[in-house]
1. Scale the Cα Rg of the chain by the rule-of-thumb value 2.2 N^0.38 Å and send over the ratio, two decimals.
2. Kirkwood hydrodynamic radius for the stretch 122-190: how many Å is it when counted over pairs of different Cα atoms?
3. For the chain, what does the helix formula give at 222 nm: sum of -39500 (n - 2.57) over DSSP H segments with n ≥ 4, over the residue count, nearest 500 deg cm²/dmol?
4. Mean-square fluctuation check for the chain, GNM, Cα pairs under 10 Å: which of Asp44, Asp32, Asp63 is largest?
5. For a test of the definition: using alpha carbon positions, the gyration tensor, and the 1.5 limit on a/c, classify the stretch 152-191 as rounded, prolate or oblate.
6. Only Cα pairs under 8 Å and at least 6 apart count here; give the relative contact order of the chain as a rounded whole percent.
7. Please list, in chain and number order, the residues 5+ apart from Leu174 or on another chain whose amide H is under 5 Å from its amide H, with Hs placed from the backbone.
8. Starting from 0 in steps of 10 Å, tell me what percent of the Cα-Cα pairs of the stretch 26-139 lands in each bin.
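The values are calculated or read from the model by the stated rules, or taken from the named source; none is laboratory data. Computed from a predicted model, the values in this text were never measured in an experiment. Accessible surface is based on the protein model in full, side chains and every heavy atom, while ligands, DNA and RNA are left aside. Shrake-Rupley method; radii C 1.70, N 1.55, O 1.52, S 1.80 Å.
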Amino acid sequence: MDNRVHNQIVSFIWGIADDVLRDVFVRGKYRDIILPFTVLRRIDVLLEETKEKVLEANKFMEDNDIDDKSQLTQITKYPFYNTSSFTMGVNSAKDSEFPFVSLLSDPDKIDSNLETYLDGFSPNIQEIISKFKIRNQLETIKESGIAFNLIEKFTTNSINLSPNDYINAKGEKLPGLSNLGMGYVFEELIR
């Protein structure tokens with residue numbers, strides 16, 4: 001991984017903490033928000049491509065009283081999934097039979113929609129959410145009204161937490177972030 005890109009991502013993420021979390025959390029508590037939201041955003045970008053198919057399969061399972069949703073991992077090609085109709089990103093399939101919408105599309109309900117989004121994750125991701133104790137922070141996030149800004153910053157096209165390259169709004173190519181690269185970013189954030 002390019003050291004410059006790595007440093008840009010880490011600096012950008014800590015910039016989110018300075019921009020959004022200051023005056024809401026003490027500096028030592030920034031990591032309680034930054035780490036889980038970084039992980040959630042990474043998982044979200046991995047699931048974006050298959051979101052519509054997961055929603056379709058989940059509806060079929062619900063209509064047929066199928067409780068075991070582990071088959072959804074065959075659709076995502078990852079050992080996790082999210083069955084909520086929300087995504088952190090701006091991509092959506094509103095014209096689809098199985099629409100999914102960005103958490104940012106309804107600022108007035110973003111806090112409750114964020115909880116619904118978290119509830120939609122597979123059991124293994126629920127364990128990660130639990131270990132991060134992110135639900136303990138949701139009341140403070142809600143009371144301070146920072147959910148929209150926090151998610152908006154994490155979904156900006158200024159950084160790329162996706163494994164695929166893409167072009168940002170400035171026309172610059174942002175290289176994809178491999179799992180190893182994501183590990184390095186996460187390690188640096190912990191430090």
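1. Dividing the Cα radius of gyration by 2.2 N^0.38 Å gives 1.02.
2. Result for the stretch 122-190, one decimal place: 14.4 Å.
3. -16000 deg cm²/dmol
4. Its mean-square fluctuation being the largest, the pick is Asp63.
5. oblate
6. The value is 26 percent.
7. Close amide H contacts, sequence-distant or interchain: Tyr166, Ile167, Asn168.
8. Percent of Cα pairs in each bin: 13, 46, 33, 8, 1.
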